[in-house]
Amino acid sequence: MAKKLTKNGYDFDFDNDIDDDKGLDEIRLRPFPIAETVLALQNTEHSEAVLPAGAIYGLSDLVDESVAILRKVWPEIPAMQRRRTAKLLTEVSETNFDLDFEAFSYLAFEDDDPEVRAEGVAMTWYVGSERMYHHLMSLVRDNVPLVRAAAVEGLGRFIRDGELEEFDGRLAEQAQKVVLARYDDLREDDEVRRRALEAISFCTHPRLPDLIYEAYYSDDLLMKASAIFAMGSSCDVRWKDIIMKELDNREPEIRFEAVRGAGQLELAGSVRRLIELAYEDDYEIRLMAVWAMGEIGSKEAREALAEIMELADQNEDDELAEAAEEALGMASLVGEQFFPLFNLEDDLEGVDDFEYAFDDDFDELGELDEFEDDDELDSNDWASLN
């Protein structure tokens, strides 16, 4: 029976006693009835949070009757088991988009344990309903900073969707006011203020540039990291030079956010540095560098992603290989946007400087970033980092 190791460090049975050669579609058809799901939740004899797949699927798309049953028994489940279950559902929600834990999350919001309440927010990162919005607006007033930080972070997507006219603009403006109030309160927990800055960066609020500058030049490393996060999510090219500089910062938290920002701002001039970062020791930075190159989509980025995918396959690094494949697909789409109306290979046949026609190292302003050639990394270099 196969097990999957999650980021939280525990395993869960995701096979539901189904043979390994049977696909996910077959598992999807076998959620436990609510009574059997409750029994699985109440089973605390094991030392780790092991839940059968049927119980996980049984907690998805809960109907009102099932929620009522869970509401009666959930408080009787030991706190540690409730925490583990909530963390497990958060992990699953990040990788399995067929499952919907929104109904369960409202039960988690009522939990006495703040970790469960915070995980209730995290497991529904994809939910954009007004009902969720109003719950998050209430949780911003929670008496535990952990929960307030999670709620403020969650409001960021409603601020973003309001900016994109995909959510009620009036409600989004209310969220902006609440988030700014959290940031402006100097007595507020630092984590909450950081998440508030990140959340407000998803809109074009007139105060945003000053807030970013203030946070960037603070003495708090994590606040500075949040400032760089905000630079990228603001999609404002005024931050280009700072992000380029911070790609060389010795602190991994800063480098990580700078890499993300380089991708969000589609900085073609950062690709050579991103290639280097795709081979560094910090695995999360490697993955983010791969993602960023996919967002940039230049010829150099596509070639690098193809090589990274090949080396990752050779070294059986499935996660990185999959990330590189997805980024390469995105990069190809981005690259096609330069010539969307015709097939260049056909229309440019016979052009003397054919290679120049495909040189998309130019950014949108027509600037060309020139770099000295770096030595190529081979598979031995890659293997030495694993």
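The values are calculated or read from the model by the stated rules, or taken from the named source; none is laboratory data. On a predicted model such as this, the values are computed, not experimentally measured, just so you know. Glycine also receives a Cβ, built like all others from the backbone with ideal geometry; neighbour counts cover every protein chain displayed.
Tell me, please, whether a residue that is farther than 20 Å from residue 33 by Cβ, assigned to a helix (DSSP H, G or I), outside the structural domain of residue 147 (by TED's automatic domain parsing) and not aliphatic (A, V, I, L, M) can be found in the stretch 45-63.
First, the residues of the stretch 45-63 that are farther than 20 Å from residue 33 by Cβ: 45-49.
Imposing the further condition that a residue be assigned to a helix (DSSP H, G or I) reduces the set to none.
No: the stretch 45-63 contains no residue that is farther than 20 Å from residue 33 by Cβ, assigned to a helix (DSSP H, G or I), outside the structural domain of residue 147 (by TED's automatic domain parsing) and not aliphatic (A, V, I, L, M).
Of the residues that make up the stretch 95-107, is at least one at pLDDT below 95 and in a helix (DSSP H, G or I)?
Yes, the stretch 95-107 contains at least one residue that is at pLDDT below 95 and in a helix (DSSP H, G or I).
Of all residues being of a type in the set (Lys, Arg) and assigned to a helix (DSSP H, G or I) in the stretch 230-264, which is nearest to the chain's Cα centre (by Cα)? Just the residue, please.
Taking the stretch 230-264 first, the residues of a type in the set (Lys, Arg) are 238, 240, 245, 250, 255, 260.
Checking which are assigned to a helix (DSSP H, G or I) leaves us with 238, 240, 245, 255, 260.
On the way: 238: 24, 240: 22, 245: 23, 255: 16, 260: 10 Å.
Filtering the stretch 230-264 for residues that are of a type in the set (Lys, Arg) and assigned to a helix (DSSP H, G or I), the one nearest to the chain's Cα centre (by Cα) comes out as 260.
With 267, 320 as the choices, which residue is without any contact (Cβ under 8 Å) to a residue 60 or more places away in the chain and either within 18 Å of the chain's Cα centre (by Cα) or within 26 Å of residue 231 (Cα to Cα) (or both)?
Details: 267 fails: without any contact (Cβ under 8 Å) to a residue 60 or more places away in the chain.
Residue meeting the stated conditions: 320.
Which members of the stretch 229-252 meet the condition of being surrounded by 18 or more Cβ atoms within 10 Å (Cβ to Cβ) and acidic (Asp, Glu)?
Hit for the stretch 229-252 is 246, nothing else.
Hey, among 99, 107, 89, which residue is under 17 Å from residue 42 (Cβ atoms), touching an Asp or Glu at 6+ places or on another chain (Cβ under 9 Å) and buried (at least 17 other Cβ atoms within 10 Å of the Cβ)? Steps first, answer last, please.
Numbers: 99 fails: under 17 Å from residue 42 (Cβ atoms); 107 fails: touching an Asp or Glu at 6+ places or on another chain (Cβ under 9 Å).
On inspection, the qualifying residue turns out to be 89.
Check the stretch 186-201 and report whether any residue there is of a type outside the set (D, E, K, R) and either more than 22 Å from residue 149 (Cβ to Cβ) or surrounded by fewer than 22 Cβ atoms within 10 Å (Cβ to Cβ) (or both).
Filtering the stretch 186-201 down to residues of a type outside the set (D, E, K, R) leaves 186, 192, 196-197, 199-201.
This time we only want the ones that are either more than 22 Å from residue 149 (Cβ to Cβ) or surrounded by fewer than 22 Cβ atoms within 10 Å (Cβ to Cβ) (or both), so: 186.
Yes, some residue in the stretch 186-201 is of a type outside the set (D, E, K, R) and either more than 22 Å from residue 149 (Cβ to Cβ) or surrounded by fewer than 22 Cβ atoms within 10 Å (Cβ to Cβ) (or both).
So that you can scan it fast, the table gives a plain yes or no per residue for (1) under 23 Å from residue 156 (Cβ atoms); (2) touching a Leu at 6+ places or on another chain (Cβ under 9 Å); (3) of a type in the set (A, V, I, L, M, F, W, C):
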position	(1), (2), (3)
239	yes, yes, yes
253	yes, yes, no
266	yes, no, no
278	no, yes, yes
281	no, yes, no
285	yes, yes, yes
301	no, yes, yes
308	no, yes, yes
322	no, no, no
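For the stretch 284-317, how many residues are under 16 Å from the mean Cα position of the chain (by Cα) and among the β-branched types (Val, Ile, Thr)?
Number satisfying all stated conditions: 2.
If a residue has to be of a type outside the set (Asp, Glu), more than 18 Å from residue 173 (Cα to Cα) and surrounded by fewer than 22 Cβ atoms within 10 Å (Cβ to Cβ) to count, how many in the stretch 210-228 make the cut? Can you show your working first?
Step one: filter the stretch 210-228 for residues of a type outside the set (Asp, Glu), giving 211-213, 215-218, 221-228.
Now restrict to residues that are more than 18 Å from residue 173 (Cα to Cα): 212-213, 215-218, 221-228.
Checking which are surrounded by fewer than 22 Cβ atoms within 10 Å (Cβ to Cβ) leaves us with 213, 216-218, 221-224.
Number of matching residues: 8.
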